[in-house]
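The structure under discussion appears below in the form of C-alpha cells.
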Amino acid sequence: MQFGKISEKTKRVGELIRKITELGQEQKADINDVRNLIKLIETNYSDIQDDVFVSSVATVLREIDKDGRVDSSEKDLLLSFEKTLEEPISSEPVTEVLGKNFVLTGDFDIQGGKQTVEEMISAAGGVVKSGTSKKVQYVVRGSEAWSFGNFGTKIEKALTLNLTGKAKIKIVSEEALLAYFKLNSQDAMDVLRNQEARFSAQWNSAKVVSNNFTGLTN
C-alpha cells in the first residue's frame with residue numbers, strides 16, 4: 001500500500017488471507033479445503049510465492065495437510081494472518097526491556113538515530129542483536145512509514161516465524177519503545193538527554209563559526 005493506493009499485489013494477497021481466515025472460522029474445517037487452498041496458491045499465486053504472507057500461508061497449510069486434520073490451534077494460526085496483515089507493526093508500548101533481545105531496522109527519528117536507540121536499550125538492560133531469530137523478543141521498526149510488501153528482511157523473518165507458529169516476536173514501532181523508556185527507565189532517558197545536549201552544543205558552535213567566518217567571497 002502506498003499513500004492510500006492499494007496495489008494489485010496487495011489486493012491479491014488480501015483475498016488469499018480472507019480465504020484463509022474463512023477456513024479458520026469454519027466450525028468443521030475439512031482437510032480437503034486445506035488441500036484446495038494449497039492448489040490455489042500453486043496455480044494462482046505462483047508469481048508471488050516468495051511474498052512473506054503467501055509463503056507463510058503455504059507453509060502452514062502444508063503442515064496441516066501432513067496430519068490430515070485441522071485442530072483448534074491450527075485454526076487460531078490461520079486466523080492470525082488477517083490481524084497481522086491489517087496491523088503488522090504495533091504502536092502499543094513495549095512491556096519489558098530488561099533481559100530481552102532486540103533487533104532494530106529502518107531509520108529512526110530520535111536524536112542520534114539507531115546508535116542512540118541501541119545505547120538506550122543497553123542502559124535499560126536489553127540486548128541488541130544483528131539479525132532476527134527465535135531468540136529475539138522484539139523487532140523495532142524506525143519511523144519510516146510501513147509499506148506493504150516492503151518490510152525489509154528483519155521484519156519479514158519475524159513475520160515468517162510468527163505466522164508459521166515457530167516464534168512469538170513482537171514487531172513494534174520506534175514510538176512504542178520510547179514510550180516504555182519514558183515510563184520505566186531513567187537510565188535510558190539520560191542517554192537521550194546527553195545525546196541531545198551534545199548535538200545542541202555542536203549546533204551552537206557551528207552557528208558561531210558561520211556567523212563570524214569571512215574567508216569566503218560572495
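Per residue, how much accessible surface does the stretch 48-170 expose to a 1.4 Å probe? Answer in Å², no decimals.
Accessible area per residue, the stretch 48-170: 49 Å².
Counting other Cβ atoms within 10 Å, which trypsin sites (Lys or Arg not before Pro) in the stretch 62-103 have at most 13 and lie in a DSSP loop?
For trypsin sites (Lys or Arg not before Pro) across the stretch 62-103 that sit outside H, G, I, E and B with at most 13 neighbouring Cβ atoms in 10 Å, the list reads R69.
Mind telling me which of N162, N36, N184 comes out most flexible in a GNM of the chain, alpha-carbon contacts under 10 Å?
Of N162, N36, N184, the Gaussian network model singles out N36 as fluctuating most.
Rounded, prolate or oblate: pick one for the stretch 52-150, where a ≥ b ≥ c are the square roots of the eigenvalues of its C-alpha gyration tensor, a/c under 1.5 means rounded, and failing that, prolate if a/b is larger than b/c, else oblate.
Prolate is the answer for the stretch 52-150, as a/c is 1.5 or above and a/b outweighs b/c.
Given the options A58, A179, A201, state which has the largest fluctuation in a GNM of the chain using a 10 Å cut-off (strictly under) for Cα springs.
Its mean-square fluctuation being the largest, the pick is A201.
Anything over 26 Å Cα to Cα? Flag those among K9/K154; K9/K100; K39/K168; K39/K134; K114/K154; K66/K129, in the order listed.
The answer is K9/K100; K39/K168; K39/K134; K66/K129.
Using C-alpha positions alone, give me the convex hull volume of the chain per residue in cubic angstrom.
Enclosed volume per residue, from the Cα hull, is 168 Å³.
How about the stretch 1-85: which GluC sites (Glu not before Pro) there lie in a loop by DSSP and see at most 14 other Cβ atoms within 10 Å?
E26
How high is the relative contact order of the chain, in percent, counting Cα pairs under 8 Å that sit 6 or more residues apart?
21
Could you tell me what percent of the accessible area of the chain is made up of carbon and sulfur, with a 1.4 Å probe and every protein chain present?
C and S fraction of accessible area: 47 percent.
Go through the stretch 1-82 and name the chymotrypsin sites (Phe, Trp or Tyr not before Pro) that are in a DSSP coil and have 12 or fewer other Cβ atoms within 10 Å of their Cβ.
Loop-located and lightly packed - F3.
Where does the chain land at 222 nm, in deg cm²/dmol rounded to the nearest 500, when only DSSP H runs of n ≥ 4 count, each adding -39500 (n - 2.57), divided by all residues?
The helix-only estimate for the chain comes to -18500 deg cm²/dmol at 222 nm.
The values are calculated or read from the model by the stated rules, or taken from the named source; none is laboratory data. Owing to the predicted nature of the structure, the values given are computational and were not obtained by experimental measurement. Methodologically, a virtual Cβ is constructed for each residue, glycine included, from the backbone with ideal geometry; neighbour enumeration extends over all protein chains shown. Ligands, DNA and RNA are excluded from the accessible area calculation, which covers all protein heavy atoms including side chains. Shrake-Rupley method; radii C 1.70, N 1.55, O 1.52, S 1.80 Å.
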